[in-house]
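For reference, the structure is listed below as structure tokens.
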Amino acid sequence: MDRLHTIKNFLSNEECSDILLKYKAELKLKPAEVVGNIAINKDKVFRKSSVAFINGIEVIDERLKNLLKNLIQIKGFEVTGLGPYQFTEYKVGEYYDWHTDSSPTDDLYKDRFCSIVIQLNDAYDGGYLQLKDESGDNTIQLDKGIGTMYIFYSNIRHRVMPVTNGVRYSLVNWVSLRKLENFKKTLI
């Protein structure tokens, strides 16, 4: 897998609209927290947003699982699936500073292999998802797009810039890998 995959129109505008209508009405969003070692500087407020978790979204689950099986093919490992989707809302002034989604020392996050972000709307200003390149010196800003999905390694530093107008909605999930028990290594 490359460090970053962008899949435009992973969800249609209609699917995103349906997800927004359903979950904005059903979910009770709570202020997001930063847990464990994923924050880089503990003396700073790293995250201002609201979240709720969804155990499964039928329109996404099977499509995403099939895509991941084809995209992530590492000998001796299998994709163990997805956790609950994090439905995230960023209002004006809200953000998530530089962080990673995995940590080799934190049991809660150590098995995360890649992170998935699906944009549900684009009726906002600011709020860009940004990643650091391999050197860590350059910032890559990702384009907005309703239904666009980004998949990247969970150990890549990334952030969501402050929203300056409107409200940004996204779905986030993480993929873990499991070592295959009887995997036979070959030289061929």
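The values are calculated or read from the model by the stated rules, or taken from the named source; none is laboratory data. Nothing here was measured: the structure is a model prediction, and the numbers come from that model. With ideal geometry, Cβ positions are generated from the backbone for all residues, glycine too; neighbour counts draw on all protein chains shown. These area figures cover heavy atoms from the full protein model, side chains too; ligands, DNA and RNA do not enter into them. Shrake-Rupley method; radii C 1.70, N 1.55, O 1.52, S 1.80 Å.
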Any residue in segment 146-156 that is open to solvent by less than 10 Å² (accessible area, probe 1.4 Å), more than 19 Å from W98 (Cα to Cα) and of a type in the set (G, A, S)?
yes
Scan segment 39-58 for residues that are among the aromatic types (F, W, Y) and at pLDDT 90 or above and report the count.
1
Taking segment 87-97, which residues are within 27 Å of L177 (Cβ to Cβ) and either in contact with a Leu (Cβ under 7 Å, 6 or more places away or on another chain) or without any contact (Cβ under 8 Å) to a residue 40 or more places away in the chain (or both)?
F87
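Within segment 2-38, track down each residue that is at pLDDT below 85 and β-branched (V, I, T).
Residues satisfying the conditions are V34, V35, I38.
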Index of the failed condition, N173 passing every other in (1) more than 16 Å from E94 (Cβ to Cβ); (2) modelled with pLDDT of 95 or more
(2)
Single residue of segment 120-145 satisfying the filter (open to solvent by 20 Å² or more (accessible area, probe 1.4 Å) and hydroxyl-bearing (S, T, Y)) that is nearest to V172 (Cα to Cα)
Y128
Filter pass, K69 being open to solvent by 70 Å² or more (accessible area, probe 1.4 Å) and either at pLDDT below 75 or closer than 16 Å to V160 by Cα (or both)
no
If G81 passes every condition in (1) at pLDDT below 95; (2) surrounded by 15 or more Cβ atoms within 10 Å (Cβ to Cβ) but one, which one does it miss?
(2)
